[in-house]
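Each remark here refers to the structure printed beneath this line.
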Amino acid sequence: MSFLEKIAYLKRTSPSVDALQVLGKQAAGQFVNKDCESMTEAVSKIVSNQDLNRDQIERVAQFANQAAWKTMFVEGGDINTNFEPADFNQVLESCGTQAEEVQQTRDSDYLSDVDESWRDDGALEDLFQVEKVAYPMLNPNRQLEIEVEKLASAVELTEYALNNAQSMLEMTSNDFYREVKQAYLGEDAGILQMANALSQMTGSEKFASAVLDTCSNKLREEGVKIDREQELVKAASAVIINTEHPMLLSGYKMYKAAGVYRKAKQENYISKKKKEAKLKELKDKMRGQ
């Protein structure tokens, strides 16, 4: 069989991106179902029986982190979702050197090293009587490029988390306004009363005041009249807080969702700044060469 024929019939065993994504979802499923104590353990378990290289294992870890977040936070509605993402380096370490090996097939014998036993002893420079030259690395910036790629993946993950957090915050905000409107119109509760109760429920007077102020503005836009004097009278009266009231429960969920959103936004900002700094370092180094 000729060289070109061997290339034409060589089996392609490299898994597709979809296949890597499926492995990531399997790892996330084992973590969410508590079959594994950590995401790192779950990913290590899934890739241990797979013939994957470093880049493919890293992609599986990324897909697993995203799938776990989506399952727990978006689909599960758990606004307290918090877990340690899979650590690619630890996963790689658990796999040993297996990720670096390439399995040979019977159709790839042309990839084997050429038999050079016929050559004379000695370096090629000596045989041809030429001066030895220290050649530079083909890509001296490769390490920086790898760091930029990793930071870009981190930015992608934090943006995904931020979008999910924003969706959850919007959903809880709508639910909260609906309960505030019901309490105000149907239960004769005052805006200041509700703000005071929510403040005690969340421990944040600033949050309670801000969200109830927003709700009161929405009520006015819908034509609801808010009597300031009546509000002050209601606020002055003693009220026993019912922590199981739908308005307070939805307000507390919104409070937690806002905390997740702030954290996701901060992580996204930090990851972007790190990427920008590393990218600038790479560009400056390339200009100086």
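Below, the figures for the structure above:
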| item | result |
| --- | --- |
| The lone exception for ASP87 - which of (1) surrounded by fewer than 21 Cβ atoms within 10 Å (Cβ to Cβ); (2) at pLDDT below 80 it fails | (2) |
| Checklist (1) surrounded by 14 or more Cβ atoms within 10 Å (Cβ to Cβ); (2) over 22 Å from SER153 (Cα atoms); (3) hydroxyl-bearing (Ser, Thr, Tyr) applied to SER271, failing item | (2) |
| For LEU169: the one exception among (1) at pLDDT below 90; (2) under 25 Å from the mean Cα position of the chain (by Cα) | (1) |
| Residue within the range 196-208 that is more than 37 Å from the chain's Cα centre (by Cα) and assigned by TED's automatic domain parsing to the domain that holds LYS253 present | no |
| Residue check for VAL32: assigned by TED's automatic domain parsing to the domain that holds PHE83, aliphatic (A, V, I, L, M), at pLDDT 85 or above and more than 21 Å from ASP51 (Cβ to Cβ) | yes |
| Test: residue in the range 226-241 that is closer than 30 Å to ALA165 by Cβ and among the charged types (D, E, K, R) | no |
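Residues checked against (1) out of contact with any strand residue (DSSP E or B) (no Cβ under 6 Å at 6 or more places or on another chain); (2) acidic (Asp, Glu); (3) within 28 Å of GLN266 (Cβ to Cβ):
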site: ILE146; (1), (2), (3): yes, no, yes
site: GLU149; (1), (2), (3): yes, yes, yes
site: ALA152; (1), (2), (3): yes, no, yes
site: THR158; (1), (2), (3): yes, no, yes
site: TYR177; (1), (2), (3): yes, no, yes
site: LYS181; (1), (2), (3): yes, no, no
site: ASN196; (1), (2), (3): yes, no, no
site: MET201; (1), (2), (3): yes, no, yes
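The values are calculated or read from the model by the stated rules, or taken from the named source; none is laboratory data. Owing to the predicted nature of the structure, the values given are computational and were not obtained by experimental measurement. Cβ atoms come from the backbone with ideal geometry, glycine included; neighbour counts cover every protein chain shown.
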